[in-house]
Number of protein chains: 2
Amino acid sequence: MEKENSIGIVKTESVTFKDEFFLESGRILSPVTIAYETYGTLNDNKDNVILVCHALTGSAHAAGLSSANENSAGWWDAMIGAGKTIDTDKYFVICSNILGSCYGSTGPSSIDPYTGSRYALKFPVVTIRDMVKAQKKLLNYLNIEKLFCVIGGSMGGMQSLEWAITFPEMVENAVIISAAGRITPMAMAFNTVARYAITKDPNWNEGNYYGKTTPKDGLAIARMAGHITYLSDASFNAKFGRRLGYQDSIFDFSSSYEVENYLKYNGYKFTERFDANSYLYILKAMDIFDLSYGYGSYEDALKRLKANTLLIDFTTDFLFPAYQMDEMYDIMKKYDNKVERVTIDSDYGHDAFLLEFDDLSAVTFSFLEKARRKKYV
Amino acid sequence: MEKENSIGIVKTESVTFKDEFFLESGRILSPVTIAYETYGTLNDNKDNVILVCHALTGSAHAAGLSSANENSAGWWDAMIGAGKTIDTDKYFVICSNILGSCYGSTGPSSIDPYTGSRYALKFPVVTIRDMVKAQKKLLNYLNIEKLFCVIGGSMGGMQSLEWAITFPEMVENAVIISAAGRITPMAMAFNTVARYAITKDPNWNEGNYYGKTTPKDGLAIARMAGHITYLSDASFNAKFGRRLGYQDSIFDFSSSYEVENYLKYNGYKFTERFDANSYLYILKAMDIFDLSYGYGSYEDALKRLKANTLLIDFTTDFLFPAYQMDEMYDIMKKYDNKVERVTIDSDYGHDAFLLEFDDLSAVTFSFLEKARRKKYV
């Protein structure tokens with residue numbers, strides 16, 4: 001079967017750092033393994049690097065077809081490849097799995113060297129800044145000192161933002177999609193429902209379920225709650241309407257609507273690929289992320305930014321409401337940052353950054369081309 | 001302690017009908033008990049009746065102080081009483097507990113006469129129309145043939161609408177607040193999360209938890225999910241912001257934000273007062289409610305309406321979006337219904353009908369007064 005894919009088979013690499021990694025909390029994590037993929041070729045000046053940051057439950061496998069499973073294209077394959085928006089003929093593209101995840105980077109399901117068992121809840125709380133600092137270690141390892149661009153959507157956008165704030169001299173351009181410098185309390189409320197769903201599942205067992213029955217129901221319900229935030233009122237209407245599941249009678253207690261079947265299917269499917277403790281730690285990182293920490297104020301944090309910045313949001317995204325991007329844009333403008341703001345009209349809600357490729361590509365491509373011409377990458 | 005309450009102590013009454021009650025599903029429920037409260041005096045013409053319909057988990061105790069607990073004021077006490085908007089010096093006010101609930105009316109926690117045990121999942125699926133028909137039985141019992149007005153918010157608004165459609169000759173005026181003739185698929189998605197949270201709690205035990213440990217965690221999580229829909233992005237911001245719970249450190253795995261503590265507190269508090277199976281049956285009734293059933297189309301249903309109708313919604317209610325009221329209003333206008341539409345500006349989201357009493361009172365009072373002057377009640 002031929003794939004519309006210009007990269008071909010890719011293998012997720014990984015590197016393990018044995019020195020002490022100091023977390024924002026003050027705790028030390030060691031060793032730290034980072035899983036990553038690269039596409040394209042690093043040029044001689046090493047100034048054609050684009051770092052792609054993945055969202056909540058994503059992985060390093062952003063593009064190409066996984067060597068582990070030829071049928072599995074990367075999560076942003078539509079955006080990355082030869083001749084695509086993030087053009088691997090021009091750029092050296094890196095995507096790494098975030099700290100705390102379960103796709104090859106160190107997380108709660110990794111072995112704690114002090115006990116020889118999985119960390120589970122002994123894993124320290126990690127932050128977006130910790131994730132970014134782990135990516136920085138990876139770049140050091142790859143002998144990369146500059147990022148032509150850092151780009152990501154949702155939690156990937158939060159990482160991109162953190163990159164541009166924490167390492168302002170390293171980041172030349174930043175594309176921040178469907179994200180903000182902190183999540184809203186309403187987003188936290190959805191995370192709360194998810195957290196309770198997992199931790200009240202008896203199989204969660206205070207996080208010690210490895211090798212036993214996993215908290216599948218809890219994790220599925222958590223994902224269902226999350227799924228609501230990825231869609232929008234408009235996409236719920238378009239996708240499902242009020243259609244009943246196949247041959248159901250509305251008067252059966254157990255009957256279900258298509259929307260219900262969809263949430264169930266995706267909720268349980270998710271449990272086959274993701275670790276419940278990782279989900280808890282990553283939600284935590286999302287909740288506690290606040291650009292202002294350590295800088296006094298949101299404004300003080302944002303004014304550190306030196307990159308040319310492109311802010312992209314989508315009209316129906318209620319997880320990261322437009323007023324959050326307005327706030328960032330206004331502050332950046334005030335401090336004379338080279339910032340552009342594009343709002344893309346879409347009914348897809350938060351998920352749009354994984355679906356609205358035509359508009360997203362056009363806007364991102366034009367931003368990268370402008371930056372490239374200035375830089376002659 | 002003096003209460004701002006003009007009704008005083010009230011007692012919830014109840015009546016049991018032993019004849020066969022035919023449900024919309026074709027199933028028969030018998031006996032049917034309806035719990036209700038009344039305030040004010042029925043006039044000689046019996047034309048001063050206002051039926052107040054409660055929301056999802058409400059009860060017949062709409063006003064006054066409960067004889068069972070003197071500290072507990074009715075859920076709409078701010079609206080109902082002598083000299084208040086729904087003036088008990090003028091009107092005879094009735095509020096009854098909906099079929100399927102657990103506050104005195106027949107529901108899944110009632111005894112099934114065929115088995116001598118609680119119905120649990122043997123309870124038939126009931127609909128909003130069934131709830132309305134049970135209220136109609138109560139009115140027959142009270143020798144009431146006309147409603148001066150039917151009024152309610154949320155699921156109470158859905159009942160008011162159903163009243164005006166099913167018994168158009170009986171309803172002179174209808175006030176439909178924060179409601180629609182069917183819920184959106186996004187609202188169904190929240191109900192789905194709630195349903196899974198309850199039914200995956202091992203203590204739910206296929207509904208057979210009476211006399212045993214109840215599915216407290218599941219019900220609490222279900223309520224937390226519901227609670228998100230009662231608020232709005234704006235009210236989440238105003239109420240909680242990103243404030244941490246008392247003395248928490250963000251780096252503690254178990255730390256929590258105020259929004260989380262609020263949801264937890266209210267979620268678990270809810271489990272002390274509500275039956276999990278009732279919650280499931282009432283969510284079901286909400287999901288399957290669709291005015292169009294039996295009438296061919298939404299429009300065909302709405303054109304049956306003869307009452308003077310007041311539609312009230314609140315700007316930030318995302319559970320019942322404004323376009324749903326627009327749709328109803330447009331259809332009613334088309335068929336020359338005497339319909340008014342008022343949108344109240346509020347940050348409180350769906351909960352506004354239980355909070356924005358100043359505006360809600362003003363609008364409702366003026367509607368009732370106009371109707372009363374025409375009628376000389």
_Mean shadow area of region B:245-377 over all directions, Cα convex hull, nm²_ = 12.7
*Derived scalar couplings ³J(HN,Hα) [region B:52-61; Karplus, 6.51 cos²θ - 1.76 cosθ + 1.60; whole Hz; x for Gly, Pro]*: 9, 9, 8, 8, 2, 10, x, 9, 5, 7
*If you keep only loop residues by DSSP, which trypsin sites (Lys or Arg not before Pro) in region B:168-215 have at most 14 other Cβ atoms within 10 Å of their Cβ?*
B:Lys212
*For region A:305-364, list log₁₀ I(q)/I(0) at each q in 0.16, 0.21, 0.28 Å⁻¹, using the Debye formula over Cα point scatterers of equal strength and ignoring solvent, two decimals each.*
-0.51, -0.81, -1.13
*Which of B:His227, A:His54 has the fewest Cβ neighbours within 10 Å, and the rest in rising order*: B:His227, A:His54
*Return the Rg/Rh value of region A:1-52, two decimal places, where both radii are evaluated on C-alpha atoms and Rh is the Kirkwood radius.*
1.14
*asked:* Just to confirm my numbers, what's the Cα centroid distance between region B:309-377 and region B:127-202 in Å?
replied: 16
*Along each of its three principal axes, how wide is the spread of alpha-carbon positions in region B:193-232, in whole angstrom units, largest first?*
37, 15, 11
_Cα pair count fraction exceeding 34 Å, expressed as % - the protein assembly as shown_ = 52
_chain A: relative contact order as a whole-number percent, Cα under 8 Å and 6+ apart_ = 16
*Which cross-chain or sequence-distant (5 or more) residues have an amide H under 5 Å from the amide H of B:Val150, H modelled 1.01 Å from N in plane?*
B:Leu51, B:Asn173, B:Ala174, B:Val175
*Which percent of the Cα-Cα distances in region A:187-284 go past 18 Å?*
51
*Could you name the lysines in cross-link range of A:Lys239, using Cα to Cα under 20 Å and dropping any fewer than eight places away on the same chain?*
A:Lys264, A:Lys269
_Rounded to whole Hz, the Karplus (6.51, -1.76, 1.60) HN-Hα couplings of region B:254-261, x for glycine and proline_ = 9, 5, 8, 8, 4, 4, 5, 4
*Specify the longest stretch of chain A that does not include any exposed loop site, a site being one of the GluC sites (Glu not before Pro) with a non-H, G, I, E, B DSSP assignment and at most 16 other Cβ atoms within 10 Å.*
A:21-144
*Is the shape of region B:22-134 rounded, prolate or oblate, going by the alpha carbon gyration tensor and its root eigenvalues a ≥ b ≥ c, with a/c under 1.5 for rounded and a/b larger than b/c for prolate?*
prolate
*Cα atoms only, region A:331-374: Rg and Dmax in Å?*
12.8, 35
*So which chymotrypsin sites (Phe, Trp or Tyr not before Pro) in region A:244-321 pass both tests, a DSSP loop state and at most 12 other Cβ atoms within 10 Å of the Cβ?*
A:Tyr246
_Show me, for region B:214-225, the HN-Hα J-couplings you get by feeding each phi into the Karplus relation (A = 6.51, B = -1.76, C = 1.60, θ = phi - 60°), rounded to Hz, glycine and proline as x._
8, x, 5, 4, x, 5, 5, 5, 4, 5, 4, 4
*Convex hull projection area averaged over all views, region A:170-216, Cα basis, nm²*: 6.0
*Built amide H within the under 5 Å cut-off of B:Ile344, gap 5+*: B:Asp313, B:Phe314, B:Thr315
*asked:* Suppose you put the label 7 Å out from Cα in the Cβ direction; list, shortest first and in nm with one decimal, how far A:Asp112 is from each other copy's label.
replied: 4.8
_Defining the label point at 7 Å along Cα→Cβ, can you sort the distances from B:Glu13 to the same site in each other copy, shortest first, in nm?_
8.2
*Just name one of B:Leu219, B:Trp76, B:Ala55: the one whose Cα is farthest towards the positive end of the charge dipole of the protein assembly as shown (beta-carbon charges, Lys/Arg +1, Asp/Glu -1).*
B:Leu219
*How high is the relative contact order of region A:187-284, given as a whole-number percent (alpha carbon pairs under 8 Å, six or more residues apart)?*
29
*Show the residues, 5+ positions off or on another chain, whose built amide H is closer than 5 Å to the amide H of A:Ser72.*
A:Ser66
_Copy-to-copy label separations for B:Glu145, where each label sits 7 Å from Cα toward Cβ, in nm and ascending_ = 9.5
*Kirkwood Rh, Cα Rg: Rg to Rh for chain B?*
0.96
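A short reminder: the numbers here are calculations on the coordinates, not readings from a lab. This one's a predicted model, so the numbers in the text were calculated from it and none came from an experiment. Note that each Cβ is placed from the backbone with ideal geometry, even for glycine, and that neighbours are counted across all protein chains shown.
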